[in-house]
Each structure stands twice: as C-alpha cells, then as structure tokens.
Amino acid sequence: MLGAVIGDVIGSIFEWHNTKSTDFKLYDRFTRFTDDTVLTVAVADAILNKKKHPIRLLDHLDSKRLYASKLRQYARWYPNVGYGQNFEAWAMNKESKPYRSYGNGSAMRVSPIGFAFNSIEEVLVESRRSALVTHNHRQGIRGAQAIASAVFLARSNHSKDEIRTFIQQRFKYNLKQKLDEIRPTYMFDPSCQGSVPQAIIAFLESTNFEDAIRKAISIGGDSDTIACMTGGIAQAFYKEIPKDIVSEVMLKLDLKLRQVIGLFNDEYKISL
C-alpha cells in the first residue's frame with residue numbers, strides 16, 4: 001500500500017494547482033501527506049488488528065466496527081489534512097451513520113485490502129465492508145471494490161488486459177478511453193465514477209511505477225487521490241518502487257505512519 005501513499009504525497013501539491021503534463025518535479029517543500037495517506041494507513045491498521053483474531057473470522061458487523069473505529073481514531077490523530085466535510089462530521093461523532101457518499105474516499109483508502117486477502121471473493125467482501133461504514137452508496141462501494149480488485153489482480157500476476165477485462169465486466173467502467181483523450185477536458189471530479197476509471201487507465205497506460213504516478217497526476221482534477229489509487233495498483237503490478245522515491249516520501253511521514261506501513265509490509269511479505 002506504500003504505492004498509494006506515494007501517489008498521495010507526490011500528488012498533494014497538484015490537487016489545487018493541476019498540471020496536464022508528465023514533466024514535473026516529484027517533490028518540493030510543500031509536498032506532504034493528506035487524508036488519503038492517513039486513511040489508507042488506518043485501513044491497513046484495521047487489517048492488522050483482524051489478524052489478532054485467528055480463532056474465528058470476524059463477521060460482517062465486527063469488521064465494519066473495526067474499520068469505523070480505526071478511521072475515526074486516525075482522523076482524531078491527524079486533523080486538518082484535507083478530509084471531506086461529510087467524513088469529518090462522521091469521524092467526530094461515534095454515533096454517526098453512513099452518509100451515502102459516492103465520493104472517491106472509499107476507493108483511495110482501500111489498497112491494503114488488495115494486498116492482504118488471498119482471493120478475489122475475499123477482496124470484494126472486505127472492500128465492500130470498508131466502504132460501507134461511510135460510503136454506502138452503490139457507486140462508493142463499486143469504486144472501492146474496483147480499486148481493491150485491481151490491486152489484487154495486479155499482485156497476483158494477472159496481465160493488464162486481464163485486469164482491464166475484469167474491471168470493465170464487473171463494474172461497468174469504461175476503460176477504453178486513452179489519457180490523451182481524457183486529459184484536455186478533464187476537470188475536478190471527486191466522485192468514484194468520475195475518478196476511479198481514470199486512475200485505472202493511468203495505470204494501464206504506464207510503463208513503470210514512476211510513470212504511473214506521473215500519468216495519474218497529468219490527468220488533472222483530484223490529483224492526489226487519483227495518484228493514490230493508481231499508485232496502489234502500480235506497486236502491486238510492478239513489484240518494486242524506486243528507492244529514491246521511497247526514501248523521499250518516507251521523510252514526509254511521521255513515525256506512527258511509517259511503523260504501520262512497515263508492520264503491514266512485514267506481515268504480508270511486501271518487498272520494496
């Protein structure tokens with residue numbers, strides 16, 4: 001899931017200052033982690049906690065409570081990192097119900113599920129559970145399932161054509177467009193249906209991890225979140241991230257975030 005974090009961090013300075021080019025500096029002094037990183041790590045932490053219950057599989061309600069608890073906990077630990085208004089209101093009130101969002105918040109935080117579970121069926125179930133605590137609109141659920149599925153298939157050595165076919169058939173997203181067709185008129189769209197397909201297309205057209213991040217950001221719009229979604233898939237597919245990028249982004253994270261990422265990588269044997 002570090003690939004998702006890297007996409008968020010590199011994309012952070014482009015969310016409100018879009019570029020339509022792949023030729024840009026990867027970092028500057030304003031580069032930072034945002035809510036995308038915080039909530040991705042929260043989901044990873046929830047998954048690690050699920051591992052502490054080996055005697056029985058957590059049921060639907062237990063899992064939802066665990067995801068909700070960790071999302072709220074991290075939102076309190078890391079205020080003022082760019083949460084949406086509805087999520088922030090939900091996170092600050094433990095009695096809050098899901099708010100039928102179809103925003104891409106469900107999809108940007110879900111990549112750890114694609115790395116942690118061992119069948120597409122489990123990935124679909126868990127990504128739905130992780131979305132439902134906030135994003136219980138069908139588009140919010142679909143977006144989370146699509147990104148988690150793409151990560152799982154990429155990690156499982158499926159080809160890009162196989163990934164494209166599965167996502168198109170299962171989620172009815174149009175992945176036939178080219179970035180050169182999308183880029184000129186694409187505007188800020190934080191919905192799942194308006195950003196998840198674009199993030200997957202950026203991965204499909206990429207040649208390596210860094211190229212995937214650059215292509216995702218070059219679309220414009222919600223740059224950090226699109227790059228976050230693309231980055232998770234790209235890490236799973238290419239299996240490695242340039243060491244200089246890992247080092248630079250790790251410097252932008254605090255100790256807690258780095259620790260959870262390390263524990264997650266160790267638990268699921270994810271090499272960098």
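Every number in this text was worked out from the coordinates using simple rules, so none of it is lab data. The structure presented is a predicted model; accordingly, all values stated were derived computationally and were not measured. Cβ placement follows ideal geometry from the backbone for every residue including glycine, while neighbour counts extend to all protein chains displayed.
Out of curiosity, is Glu88 over 22 Å from Ser191 (Cα atoms) and in a helix (DSSP H, G or I)? It would help to see each step written out before you state the result.
On the way: over 22 Å from Ser191 (Cα atoms): no; in a helix (DSSP H, G or I): yes.
It is false that Glu88 is over 22 Å from Ser191 (Cα atoms) and in a helix (DSSP H, G or I).
What's the number of the condition Ala75 fails, among (1) small (Gly, Ala, Ser); (2) surrounded by 18 or more Cβ atoms within 10 Å (Cβ to Cβ); (3) closer than 19 Å to Ala202 by Cβ? So Ala75 meets the others, but not (3). When restricted to residues that are outside any loop (DSSP other than H, G, I, E, B), in contact with a Ser or Thr (Cβ under 6 Å, 6 or more places away or on another chain) and charged (D, E, K, R), segment 94-148 contains 1.
Asn80 meets all of the listed conditions (1) out of contact with any Gly (no Cβ under 9 Å at 6 or more places or on another chain); (2) part of a helix (DSSP H, G or I) but one, namely (2). Just give me the residues in segment 159-188 being within 27 Å of Lys239 (Cβ to Cβ), within 19 Å of the chain's Cα centre (by Cα) and not in a helix (DSSP H, G or I), in sequence order. Hits for segment 159-188 are Tyr173, Leu175.
How many residues does segment 127-149 hold that are over 16 Å from Val43 (Cβ atoms) and crowded, with 23+ Cβ neighbours inside 10 Å?
Going through segment 127-149, the residues over 16 Å from Val43 (Cβ atoms) turn out to be 136-139, 142.
Within this subset, residues satisfying the condition of being crowded, with 23+ Cβ neighbours inside 10 Å are 142.
Residues flagged as over 16 Å from Val43 (Cβ atoms) and crowded, with 23+ Cβ neighbours inside 10 Å within segment 127-149 amount to 1.
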